[in-house]
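Take a look at the structure set out below.
The values are calculated or read from the model by the stated rules, or taken from the named source; none is laboratory data. No experiment lies behind these values; they were computed from the predicted model shown. Cβ placement follows ideal geometry from the backbone for every residue including glycine, while neighbour counts extend to all protein chains displayed.
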Amino acid sequence: MSDKKYDFGLVGLGVMGRNFILNVADNGFSAYGLDLSSEQVEALKTEGGDISKVDATTSTEEFVANLSTPRKIMLLVPAGKPVDIVIDSLLPFIEEGDLIIDGGNSFYTDTDRREAYLNEKGIHFLGVGVSGGAKGARRGPSIMPGGSQPSYKYIKPIFDAVAAKAHDGKPCVAYLGPKSAGNYVKMVHNGIEYGMMQLTSEIYDLLRKSAKFTNDELHQIFAKWNEGRLQSFLVQITSEIFMQEDNLAPGRIVDVILDKAKQKGTGKWTSQNAMDLGIPVPTIDIAVSMREISALKDERIEADKLYGRPEVEAIEKEKLVDLAEQALYFSFITAYAQGLAQLSDASKEYGYNLDLGLIAQIWRAGCIIRAGLLEDITIAFNNNKDLANLLLAPTFVNRVQEAVPAVREVVAFAAKNGIPVPGLSNSLTYFDAYTSSKLPLNLIQAQRDHFGSHTYERIDREGIFHTEWGA
Ligand code: 6PG
């Protein structure tokens, strides 16, 4: 054991962990890693090469002893039981005043439980969302910290240094709120991510099925979009995906990837919790359902044979690209609108005191849902801290309005031609319903009162009413 004490400790030296710790070291902080697998420890030592500020061990005791106090220990291990196991393995060695940071996609109630458990022992605890995948961890992720503010001061300098920097130089990290605020925000980030991925895949389907665009053309379309108002990480990687050659057979890899999407659960949690809160997020809901439908591959093949589908009409290529761009732009806005509305409600419900402008600001770089659009979303929420929904922001009204006719055309065309676009259609329906001063739910109230005497309110006078139906 050396005398040198390290500034930062990281448990879990998988690819994410190794990249994060190297990022910390690159930014001038010494960092010490722990993993029970000696292979991961060796991998870090190899990747760390001549970076003298990094070392690692397989011994928890040695790990803790090598950290300067108060210790700052970040966990990048799979969410769930492993987090509890690692915390309990650290407890015999760490001291009061030390800080544990969970950087995984932990469920927010687990974070609340762990904070209470550790605070009782005098240990600081933060639940922190980290987005950007392995590359983000190395070059600069977006970091969403939650927990007690006094605990945050210990790690702030390191997070400020390692986080992605937006074009104005601001780090994509900020203290977001107490308790599980960080994990909750990351969960909704992932829900929006699911929505945007679903929407992008529908546009791809539409382009390839109706106008028979080749992968080369699709690459060019998405690359061009990425230079305009759709500029985003997901549009950028989509353009790259179309060019990737298959390394096992001739052709492009995208054409041989099985159309069954997996999930680890964060999108589903977003939908489930939105239901609990009573907040509509239909674009996110359908993105989760589509991953589930995609998993029914064998049934889909059988049903395809039974039902067939309409012959897809030819459509002029240039026109379709223009309509598709508008539809994607519109639906990206509605996906952000729904996720941010959920955050606004959760903030009141769970006492997070979230600043939506700040959240949009730290999503501008490093994370999976980073996009040019977030610049204007940040401004919209900064201009009006009480903005109930992005669709009510004056800067968005004209743009949304201008795109709506194209979205209607795309959704109608897809429906007529049997191309499933549930994300686009749910986004449009969300918009149509949210902007309707009159919905037919008066009938539902009448039905409820008819069969169950559930009562209703009236539009012309105050009070609760019941009718003796058919009397
Ligand atoms: C990120 C991502 C990441 C997430 C993966 C996979 O922000 O870096 O959201 O945290 O785990 O995208 O998620 P699914 O397996 O659920 O698609």
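Restricting attention to the stretch 140-149, the residues that are away from the ligand (no atom under 12 Å from the Cβ) and hydrophobic (A, V, I, L, M, F, W, C) total 0.
Selection of the stretch 260-270 for residues being away from the ligand (no atom under 12 Å from the Cβ) and part of a helix (DSSP H, G or I) yields an empty set.
Results for (1) surrounded by fewer than 16 Cβ atoms within 10 Å (Cβ to Cβ); (2) at pLDDT 95 or above; (3) outside any helix (DSSP H, G or I), shown as yes or no for each residue.
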site	(1), (2), (3)
Val400	no, yes, no
Pro405	yes, yes, no
Ala412	yes, yes, no
Ile419	no, yes, yes
Asn426	no, yes, no
Asp432	yes, yes, no
Ser436	yes, yes, yes
Leu439	yes, yes, yes
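The set of residues in the stretch 348-388 being acidic (Asp, Glu), within 20 Å of Met187 (Cβ to Cβ) and in a helix (DSSP H, G or I) consists of Glu349 alone.
Kindly indicate whether Gly12 is at positive phi and touching a residue at least 60 places away in the same chain (Cβ under 8 Å).
yes
Of the residues making up the stretch 102-139, those that are surrounded by 23 or more Cβ atoms within 10 Å (Cβ to Cβ), among the aliphatic types (A, V, I, L, M) and either in a loop (DSSP other than H, G, I, E, B) or within 16 Å of the ligand (Cβ to nearest atom) (or both) are Ile123, Val128, Val130, Ala137.
Filtered by the rule that a residue be within 15 Å of the ligand (Cβ to nearest atom) and in contact with a helix residue (DSSP H, G or I) (Cβ under 8 Å, 6 or more places away or on another chain), the stretch 76-101 gives Leu76, Val77, Ala79, Gly80, Val83. The conditions of being part of a loop (DSSP other than H, G, I, E, B), under 25 Å from Cys367 (Cβ atoms) and touching a residue at least 12 places away in the same chain (Cβ under 8 Å) are met by Gly228.
The set of residues from the stretch 315-364 being touching a strand residue (DSSP E or B) at 6+ places or on another chain (Cβ under 8 Å) and aliphatic (A, V, I, L, M) comprises Leu354, Ile359, Ile362. Residue count for the stretch 50-77, restricted to those that are of a type in the set (D, E, K, R) and surrounded by fewer than 20 Cβ atoms within 10 Å (Cβ to Cβ): 3. How many residues does the stretch 158-186 hold that are part of a loop (DSSP other than H, G, I, E, B), of a type outside the set (Phe, Trp, Tyr) and in contact with a helix residue (DSSP H, G or I) (Cβ under 6 Å, 6 or more places away or on another chain)? Of the residues in that region, 5 qualify. Among the candidates Ile237, Ile221, the residue that is β-branched (Val, Ile, Thr) and closer than 27 Å to Leu296 by Cα is uniquely Ile237. Could you say which residue among Gly251, Gly228 is more than 26 Å from Lys262 (Cα to Cα), at pLDDT 95 or above, more than 15 Å from the chain's Cα centre (by Cα) and among the small types (Gly, Ala, Ser)? Residue meeting the stated conditions: Gly228. Identify all residues within the stretch 8-49 that are surrounded by 19 or more Cβ atoms within 10 Å (Cβ to Cβ) and charged (D, E, K, R); write none if there are none. Selection gives Arg18, Asp35. The single condition among (1) over 30 Å from Arg370 (Cα atoms); (2) touching a Cys at 6+ places or on another chain (Cβ under 7 Å) that Ser131 does not satisfy is (1). Residues considered: Ile377, Ile315. Of these, the only one that is surrounded by 23 or more Cβ atoms within 10 Å (Cβ to Cβ) and in contact (Cβ under 8 Å) with a residue 24 or more places away in the chain is Ile377. Every condition in (1) under 23 Å from Tyr175 (Cα atoms); (2) surrounded by fewer than 17 Cβ atoms within 10 Å (Cβ to Cβ); (3) not charged (D, E, K, R) holds for Pro82 except the one numbered (1). All of Ala31, Ala65, Ala25, Ala56 fail the test of being under 25 Å from Pro157 (Cα atoms) and either in contact (Cβ under 8 Å) with a residue 60 or more places away in the chain or among the basic types (Lys, Arg) (or both), apart from Ala65. Given the condition within 16 Å of the ligand (Cβ to nearest atom) and out of contact with any Lys or Arg (no Cβ under 6 Å at 6 or more places or on another chain), answer yes or no: does some residue in the stretch 209-230 qualify? No, the conditions are met nowhere in the stretch 209-230.
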